[in-house]
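Quick notes on the structure that follows.
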Amino acid sequence: MSAIFETAAYGGPGWSPRTHSAREEMGTVWGRFGVGTEWSPLRAVLLHRPGAELAGASDANAALMLATPELRVAQEQHDSIAAAYSAAGVEVFYLEPGATPPPNQMFLADLMFMTPEGAIAGRPASTVRAGEERWVARRLADLGVPILRTVGGRGTFEGADAAWIDEKTVLLGRGLRTNAEGAAQVA
């Protein structure tokens, strides 16, 4: 037998196997993020402050919005909710896109779904929103949030189509924004 197999790299002396679950590593190996209910106290939130991307959203329908957004109003509303979160002791993190994002980037709940062990990265159904998920995945990774799954193939999934109804059960909607393939990947 080769001496190489007597090294720590191959399980020999000095090898230290992991003994904790991914959930147990939250807060040590990974950041302290995870959600398993809709009613537990919120500890942290990821937001995107509306900005220059809304200036180009003059055609509400083309931007998948019900009305043309007013940047000033959107920013004021954002700042108010961010301040309320902070005042309640919630840690507020911001998305940091590397370029001007699409106009819907502020709707972050669509782009991911949190579990007790990390995030499921969504894949928006509309071409208008295609690519938004990459900014979220990058920021989650930077924050130390494990990305458990990324919906791929022809699957589409938007996080707002999922909700915890108890600590072991998620209600998952299927339709325009989350298709059967996406739902199967998340389930």
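Structure data summary
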| item | result |
| --- | --- |
| Neighbour-count order for Ile147, Ile81, Ile120, Ile4, fewest beta carbons within 10 angstrom listed first | Ile4, Ile81, Ile147, Ile120 |
| 3J(HN,Hα) from dihedral phi, segment 129-140, Karplus parametrisation 6.51/-1.76/1.60, rounded to Hz, x for glycine, proline | 9, 4, x, 4, 5, 5, 5, 5, 4, 5, 5, 4 |
| Mean projected area (nm²) of the alpha-carbon convex hull when the chain is viewed from all directions | 14.4 nm² |
| Segment 33-186, relative contact order [Cα under 8 Å, separation at least 6], % | 24 percent |
| FRET efficiency, Glu167 to Leu143 (Cβ-Cβ, R0 25 Å, nearest 0.05) | 0.60 |
| Segment 33-186 - charge dipole about Cα centre, Lys and Arg +1 at Cβ, Asp and Glu -1, debye rounded to 20 | 340 debye |
| Residue-wise HN-Hα coupling along segment 46-63, computed from phi with Karplus coefficients 6.51, -1.76, 1.60 (Hz; x: Gly, Pro) | 9, 10, 10, 7, x, x, 4, 4, 6, 5, x, 9, 6, 9, 4, 4, 5, 8 |
| With at most 10 neighbouring Cβ atoms within 10 Å, loop chymotrypsin sites (Phe, Trp or Tyr not before Pro) (DSSP) excluded, longest segment of the chain | 40-187 |
| Dipole of the chain [Lys/Arg +1, Asp/Glu -1 at C-beta], most positive-end residue of Ala57, Ala109, Gly12 | Gly12 |
| DSSP bridge pairs, the chain: antiparallel proportion in percent, nearest 5 | 55 percent |
| Cleavage-rule hits, trypsin sites (Lys or Arg not before Pro), segment 70-146, DSSP coil, Cβ neighbours within 10 Å at most 15 | none |
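Readers should treat all values here as calculations from the given coordinates under stated rules, not as data from a laboratory. Note that the structure is predicted; figures quoted are calculated from it, not measured. All Cβ positions, glycine included, derive from the backbone under ideal geometry; neighbour counts span all protein chains shown.
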